[in-house]
1. Let me spell it out: the conditions are (1) under 19 Å from A:ASN59 (Cα atoms); (2) at pLDDT below 95, and A:ASN187 meets all of them except one. Which number is the exception?
2. Can you list the strands (runs of 3 or more DSSP E) lying wholly within the stretch A:31-126 that have 3 or more residues being β-branched (Val, Ile, Thr) and within 14 Å of chain B (Cβ to nearest Cβ)?
3. Given the conditions (1) within 11 Å of chain A (Cβ to nearest Cβ); (2) of a type in the set (Ser, Thr, Tyr); (3) in contact (Cβ under 8 Å) with a residue 12 or more places away in the chain, report the number of the one that B:SER79 does not fulfil.
4. Which condition breaks for B:VAL130 when tested against (1) surrounded by fewer than 19 Cβ atoms within 10 Å (Cβ to Cβ); (2) in a helix (DSSP H, G or I); (3) at pLDDT 95 or above?
5. Step by step: first the residues of the stretch A:222-249, then only those that are at pLDDT 95 or above and under 23 Å from A:PRO143 (Cα atoms), then the one that is nearest to the other protein chains (Cβ to nearest Cβ). Which residue is that?
6. Give the residues of the stretch A:266-313 that are of a type outside the set (Ser, Thr, Tyr) and in contact with a helix residue (DSSP H, G or I) (Cβ under 7 Å, 6 or more places away or on another chain), sorted by residue number.
7. Quick check on my filter: what residues within the stretch A:161-199 are in a loop (DSSP other than H, G, I, E, B) and either closer than 19 Å to A:ARG244 by Cβ or of a type in the set (Ser, Thr, Tyr) (or both)?
8. Within the stretch B:117-163, which residues are within 19 Å of B:PHE59 (Cα to Cα), more than 14 Å from the chain's Cα centre (by Cα), away from chain A (no Cβ under 11 Å) and not β-branched (Val, Ile, Thr)?
Amino acid sequence: MVHATDILKGLTAAAALAAAVVMTVPVAAQLQPPVTVPGIDRPVVVVTGEIEGTMNWTNNFVYVLRGAVFVNDGATLNIQAGTLIAGEAGSVGTLIVLRGGRLNAIGTRTQPIVFTSDQPVGQRARGDWGGIILNGRAPLNIPGGEGVGEAQTGVYGGNDPNDSSGTMRYVRLEFAGTEFSPDNELNGIAFQGVGRGGAFEYIQVHMNRDDAFEWFGGTADIKHAIASNAGDDSFDWTFGWTGRAQFLAVHQRSDDGDWAIEADNNEFNNNLLPRANPQIYNFTSCGDPDTNEGVEAFRAVLFRRGTAVTFRNFVIAGSRTLGMQIDGAATLDQVNNGTTQIGAGVIFGPATPLHASVVPFVTNGRFPNVRTGVATGLSAGCFQHESPNFQPTSVATLAGGQLAPIQPPNDGFFETVTFIGAVPPAPQDDWTAGWTAYPQR
Amino acid sequence: MWRSALLLALLTLTGCTPAPSPLQHTADAPVPLAQAVLIAVLAGDQATLASLALSEQEFRDHIWPSLPAARPERNLPFSYVWGDLHQKSETGLRATIDRLRGQALTLVDVRLGEATVYDGYTVHRDAVFVVRSAGGVTDDLRVCGSMVEQNGRWKVFSYVVDD
């Protein structure tokens, strides 16, 4: 397991970092000359303002996001494997990629890119800094086809499903999600009208104050993603997301958090088009089974407000109260008209595994092979907050060995699988190992 | 509609008390504010609801300068923050109206969550409306997000309901 402290020896000297940061920077500058900070093994570069052209961040520096840093239309930010980026808490560092801008953050399993808080280890918390906002030109179902944003900031959406906002691979993001204002917290990563032209793989969002991942329309795909200890929902979508997703893992903590999946088409008009209709294969949710730290995070999956979905090969564990719910006539219409496809999964742990809205479809076989009476095959390690283990102990224990997966489309994105859930059973490779981390503070 | 208009007029009148607030259409306590909001929601009266919440000018002139997000080093344009909040508020409000319009509900009480004190005003988060149905059933409703209190006057911060 790689921790931020392994990557950046001495980040605990945050006071020194803060002092150096305060000394360095006129706001107008974009990239300050590196400064040496006692206790930190690499020179620190403070970044502010707007990025134009091509900028490369390399792992021999530590980069501090001061305030909102914009990657402008036409600009590209490349981040090398092993680079550490600290969002400054005092200024709420936030990285915002505007339409036409690109973020290429490409780490490796042994050298992930880490976006974290600049606060000392042990004093970090959800909401220390902002997070990442990606704005693209892919379709969404807000009337007019664009999200409301004023001036030249934050406009998203368009008519190019193949638009690219860049690529993120082996990236960890932790302790983000501060608020812009009361009632408006930031997601860990917000995919706003992001197209499928880029790639998003091996991404962990940990200890975010609001949702970990949220898609606002768009067509972006994602594979191998972990949402852990989110302060609200783990995976959330609205405004017509139509991407593909495979191997999604959720770990919840009862001190805060809400749904593992909270999914809308559009809350203003549930039938606006393009309709949210992502295809999700291989999902595991380790909901908190106890109330040792609080009473939150007690439910798992909610499809509502007109969304359609393909939801296959899932394992839902813990989540004390509720496993799966489909809410609203427009959402049920998508089941009855054959668009929504749910099946091959096991739910074990919630007092009510299946809401009454779901039961009839399981009973009549419309949702095939949904089991609620068998153990998931996950160990108790699934629920450990400091080092959750998403890997079933064996194929034989995975839902009692009873469930074969439903194969995803052979479309070049999805992978053929031999298991349900996000992570293959031992002794196959646990793809979450080696690059993730679960610090609580 | 006439009941909402009357409430709005009463709220405006009570705004002429000795404790001045630059905010318009305020109430002197959370309960009357919630009462006006609930009546307008049940009537689908979006104009009244808009007036009961912070306007762009009020947000810019009286709220924004004290928010941490407004500090120059944060590099956040007002337009970005207001636009994002306003969009979410409008969306939340429409969803709330769709959900509650036409129902027979009466306000029993209001519960407020954490209070955050800013220079010149206080934001009371996570407002919960305790309502009673025609059948006498009491329930909790999230109708607005936070309420803002300034000089003893109360107004809706936004209709963003994080559910």
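The values are calculated or read from the model by the stated rules, or taken from the named source; none is laboratory data. Since this is a predicted model, take the numbers as computed values, not measurements. Note that we place each Cβ from the backbone using ideal geometry, even for glycine, and neighbour counts take in every protein chain shown.
1. Only one criterion in (1) under 19 Å from A:ASN59 (Cα atoms); (2) at pLDDT below 95 is unmet by A:ASN187, namely (1).
2. Values: elements: A:44-47, A:54-57, A:62-65, A:68-71, A:76-79, A:84-87, A:94-97, A:102-106, A:113-117.
Hits in the stretch A:31-126: A:94-97.
3. (3)
4. The one condition B:VAL130 does not meet is (2).
5. Top of the filtered list is A:ASP236.
6. If the condition is that a residue be of a type outside the set (Ser, Thr, Tyr) and in contact with a helix residue (DSSP H, G or I) (Cβ under 7 Å, 6 or more places away or on another chain), then A:GLU267, A:PHE268, A:ASN270, A:ASN271, A:CYS286, A:ASP288, A:PRO289, A:PHE303, A:ARG304, A:ARG305, A:GLY306, A:ALA308 are the ones that fit.
7. Selection gives A:PRO161, A:ASN162, A:ASP163, A:SER164, A:SER165, A:THR178, A:GLY193, A:VAL194, A:GLY195, A:ARG196, A:GLY197, A:GLY198.
8. Of everything in the stretch B:117-163, those that are within 19 Å of B:PHE59 (Cα to Cα), more than 14 Å from the chain's Cα centre (by Cα), away from chain A (no Cβ under 11 Å) and not β-branched (Val, Ile, Thr) turn out to be B:ASP119, B:GLY120, B:ASN151, B:GLY152.
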